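> I'd like to ask you about the structure that follows.
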Amino acid sequence: MHSDLHPRLEKIADELADRSYAIVDDFLSPDEVNAILHTDEFKNSKLHFKKAGIGRQQEKQIVETIRGDYIQWVDPNSVPESIKIYFERLSELIRFLNRNLFLSLKDAEVHLTRYPVGTFYKKHIDQFQQDDHRKLSVICYLNPGWKETDGGQLRMHLKDGSVDVFPEAGKLVCFRSELVEHEVLPATRERYSLTGWLIDRIQ
């Protein structure tokens, strides 16, 4: 296990149990974020990324008034070492949450995400109505030097109000996919993340 990871895993488990979402800083170090941003996938992002749609499989539509991000699905068996490190951390998180919160998580699905300047994702829930395998949504941000004035925050809508999370490099947000309604607000600069779900079946 990464030497500093255990306290972060404990914080994630405690916060998920208390309030259905968790936020931790430095899930990836500045050097690890930088290494991911320098992979071919990111440097040539406009070639690799595809416009994201809504819905699933044959019902999927591209609706720019709802979401404006571009994504590229990641195969953990054929990713650069820098991104493999992130999958290893997620595996540690899955084991820890299964042990401590008695979840039955089995795998992670992840895509690289790029939001061009001014794009957004309207309020939504991550779990599909016909497919409830997504249990936890997990987002790790890859934006060095982000300022609150840049915007682009994740806004989680909770029973007692909303919580804003700015997409600062290395920060991880985790929440219950079927419970937490959320949206992504427009930003004045392009932003990146590793966005995914911890699921209860093998991919």
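> State all residues of segment 89-127 that are over 15 Å from the mean Cα position of the chain (by Cα) and polar (S, T, N, Q); if no residue qualifies, say none.
Across segment 89-127, the qualifying residues are 98, 100, 104, 119.
> Spot the failing condition for residue 114; the list is (1) touching a helix residue (DSSP H, G or I) at 6+ places or on another chain (Cβ under 7 Å); (2) within 15 Å of residue 27 (Cα to Cα); (3) in a strand (DSSP E or B), and only one is missed.
With respect to (1) touching a helix residue (DSSP H, G or I) at 6+ places or on another chain (Cβ under 7 Å); (2) within 15 Å of residue 27 (Cα to Cα); (3) in a strand (DSSP E or B), residue 114 is out only on (2).
> Further, regarding this structure: Which residue is surrounded by the most Cβ atoms within 10 Å (Cβ to Cβ), if the candidates are limited to segment 9-31 and must be within 18 Å of residue 142 (Cα to Cα) and touching a Lys or Arg at 6+ places or on another chain (Cβ under 9 Å)?
Step one: list which residues in segment 9-31 are within 18 Å of residue 142 (Cα to Cα), which gives 22-31.
With touching a Lys or Arg at 6+ places or on another chain (Cβ under 9 Å) added as a condition, the list becomes 22-28.
Values: 22: 22, 23: 17, 24: 19, 25: 11, 26: 16, 27: 27, 28: 23.
Per the criteria, the residue is 27.
> Also: Is it the case that residue 201 is under 26 Å from residue 94 (Cβ atoms) and in contact with a Ser or Thr (Cβ under 9 Å, 6 or more places away or on another chain)? I'd like the intermediate steps shown before the answer.
Working: under 26 Å from residue 94 (Cβ atoms): yes; in contact with a Ser or Thr (Cβ under 9 Å, 6 or more places away or on another chain): no.
In short, no.
> Which residue, of 41, 88, is modelled with pLDDT of 95 or more and either of a type outside the set (D, E, K, R) or part of a helix (DSSP H, G or I) (or both)? Quick ask: steps written out before the conclusion?
Values: 41 fails: modelled with pLDDT of 95 or more.
The conditions single out 88.
> May I ask you to verify whether residue 27 is in contact with a strand residue (DSSP E or B) (Cβ under 8 Å, 6 or more places away or on another chain) and modelled with pLDDT of 95 or more? Break it down stepwise before answering.
Details: in contact with a strand residue (DSSP E or B) (Cβ under 8 Å, 6 or more places away or on another chain): yes; modelled with pLDDT of 95 or more: yes.
Criteria met by residue 27.
> Collect the residues in segment 98-109 that are out of contact with any Leu (no Cβ under 6 Å at 6 or more places or on another chain) and either assigned to a loop (DSSP other than H, G, I, E, B) or among the β-branched types (Val, Ile, Thr) (or both), keeping them in residue-number order. Break it down stepwise before answering.
At the first step, the residues of segment 98-109 found to be out of contact with any Leu (no Cβ under 6 Å at 6 or more places or on another chain) are 99-102, 104, 106-107, 109.
Within segment 98-109, 102, 104, 106 qualify.
> Given the structure, is residue 52 of a type in the set (Gly, Ala, Ser), within 18 Å of the chain's Cα centre (by Cα), under 24 Å from residue 179 (Cβ atoms) and at pLDDT 95 or above? Please lay out each step first, then the result.
Values: of a type in the set (Gly, Ala, Ser): yes; within 18 Å of the chain's Cα centre (by Cα): yes; under 24 Å from residue 179 (Cβ atoms): yes; at pLDDT 95 or above: no.
Here the answer is no, as residue 52 does not meet what is asked.
> Continuing with the same structure: So is residue 105 within 17 Å of residue 201 (Cα to Cα) and either surrounded by 14 or more Cβ atoms within 10 Å (Cβ to Cβ) or modelled with pLDDT under 90 (or both) or not? Write out each step before concluding.
Details: within 17 Å of residue 201 (Cα to Cα): yes; either surrounded by 14 or more Cβ atoms within 10 Å (Cβ to Cβ) or modelled with pLDDT under 90 (or both): yes.
Here the answer is yes, as residue 105 does meet what is asked.
> Does segment 66-76 contain any residue that is farther than 26 Å from residue 11 by Cα, in contact with an Asp or Glu (Cβ under 7 Å, 6 or more places away or on another chain) and either outside any loop (DSSP other than H, G, I, E, B) or of a type in the set (Ser, Thr, Tyr) (or both)?
yes
> Moving to a separate point now. Are there any pairs with C-beta distances below 7 angstrom linking a residue in segment 160-177 that is closer than 21 Å to residue 145 by Cα and touching a residue at least 60 places away in the same chain (Cβ under 8 Å) to a residue that is crowded, with 18+ Cβ neighbours inside 10 Å and among the polar types (S, T, N, Q), with the two at least 6 apart or on different chains, and if so which?
165/153; 168/143; 169/143
> Only residues that are among the acidic types (Asp, Glu) and either surrounded by 23 or more Cβ atoms within 10 Å (Cβ to Cβ) or assigned to a strand (DSSP E or B) (or both): list them for segment 170-198, please. Walk me through how you get there before you give the answer.
Residues of segment 170-198 that are among the acidic types (Asp, Glu), as a first pass: 178, 181, 183, 190.
Across segment 170-198, the qualifying residues are 181, 183.
> Another one. I need every pair where a residue in segment 11-26 that is touching a residue at least 12 places away in the same chain (Cβ under 8 Å) and over 18 Å from residue 153 (Cβ atoms) has its Cβ under 8 Å from the Cβ of a residue that is assigned to a helix (DSSP H, G or I) and β-branched (Val, Ile, Thr), sequence separation at least 6 or different chains.
Every condition considered, no pair remains.
> Still on this structure, I have one more. Just give me the residues in segment 10-23 being within 16 Å of the chain's Cα centre (by Cα) and either outside any strand (DSSP E or B) or closer than 18 Å to residue 99 by Cβ (or both), in sequence order.
Our first condition is that a residue be within 16 Å of the chain's Cα centre (by Cα); within segment 10-23, this holds for 12, 16, 20-23.
Listed by number, the residues that qualify are 12, 16, 20, 22.
The values are calculated or read from the model by the stated rules, or taken from the named source; none is laboratory data. If you're wondering where the values come from, they're calculated on a predicted model, not measured in any experiment. All Cβ positions, glycine included, derive from the backbone under ideal geometry; neighbour counts span all protein chains shown.
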